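Peer 1: I am attaching a structure below and will ask some questions about it afterwards.
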Amino acid sequence: QVQLVESGGGLVQPGGSLRLSCAASESISSIYVMGWYRQAPGKQRELVAAITNGGRTNYADSVKGRAIISKDNTKNTWYLQMESLKPEDTAVYYCNVVGRATLSNKSFNAWGQGTLVTVSS
């Protein structure tokens, strides 16, 4: 079973930036879509950004112009670069990958464990 591990979260001052990473535990032969989601306290999980295997991206209105989703296929790693962070960006950020594992040749839909981003002075 493919596992995802996020990293890069932490405490950031308003206006600051950070880069989140999501690494897969094994080789992935095909990616259908990869997304970053977030869940703030008391709120539902929401999509922040997504990227397809073809490189097509989609961003939530709240982060457009401030976030960039990218991928490094050679490392089976995906990134979310966020700039001009605001207190309302505070949330647990999760990565989600839907794809096919190389070794098993089975499709999967995996979630990471989440990484906390706190934007505060």
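Peer 1: List every residue pair whose Cβ atoms lie under 8 Å apart, where the two residues are 6 or more positions apart in sequence or sit on different chains, the first residue falls within region 29-46 and is closer than 20 Å to S7 by Cα and of a type in the set (F, W, Y), and the second residue, located anywhere, is modelled with pLDDT of 95 or more and assigned to a loop (DSSP other than H, G, I, E, B).
Peer 2: Y37/R45
Peer 1: If the Cβ limit is 6 Å and pairs must be 6+ apart or interchain, which residue in region 85-109 that is farther than 19 Å from S21 by Cβ pairs with which residue that is in a strand (DSSP E or B) and charged (D, E, K, R)?
Peer 2: Listed pairs, sorted by first residue: S107/R100.
Peer 1: Kindly indicate the residue of region 35-61 that is modelled with pLDDT of 95 or more and among the hydrophobic types (A, V, I, L, M, F, W, C) and also farthest from the chain's Cα centre (by Cα) among those meeting that condition.
Peer 2: The residue in question is A40.
Peer 1: If we keep just the residues of region 111-121 that are open to solvent by less than 80 Å² (accessible area, probe 1.4 Å) and outside any strand (DSSP E or B), which is farthest from L4 (Cα to Cα)?
Peer 2: So, considering only residues that are open to solvent by less than 80 Å² (accessible area, probe 1.4 Å) and outside any strand (DSSP E or B), the one farthest from L4 (Cα to Cα) is S120.
Peer 1: Residues of region 2-13 being open to solvent by 40 Å² or more (accessible area, probe 1.4 Å) and either out of contact with any strand residue (DSSP E or B) (no Cβ under 7 Å at 6 or more places or on another chain) or in a strand (DSSP E or B) (or both), which ones?
Peer 2: Hits for region 2-13 are V5, S7, L11, Q13.
The values are calculated or read from the model by the stated rules, or taken from the named source; none is laboratory data. Please read these numbers as outputs of a predicted model, since none were measured by experiment. Methodologically, a virtual Cβ is constructed for each residue, glycine included, from the backbone with ideal geometry; neighbour enumeration extends over all protein chains shown. Ligands, DNA and RNA are stripped out before the accessible areas are found, and what is left, the full protein with its side chains, is counted by its heavy atoms. Shrake-Rupley method; radii C 1.70, N 1.55, O 1.52, S 1.80 Å.
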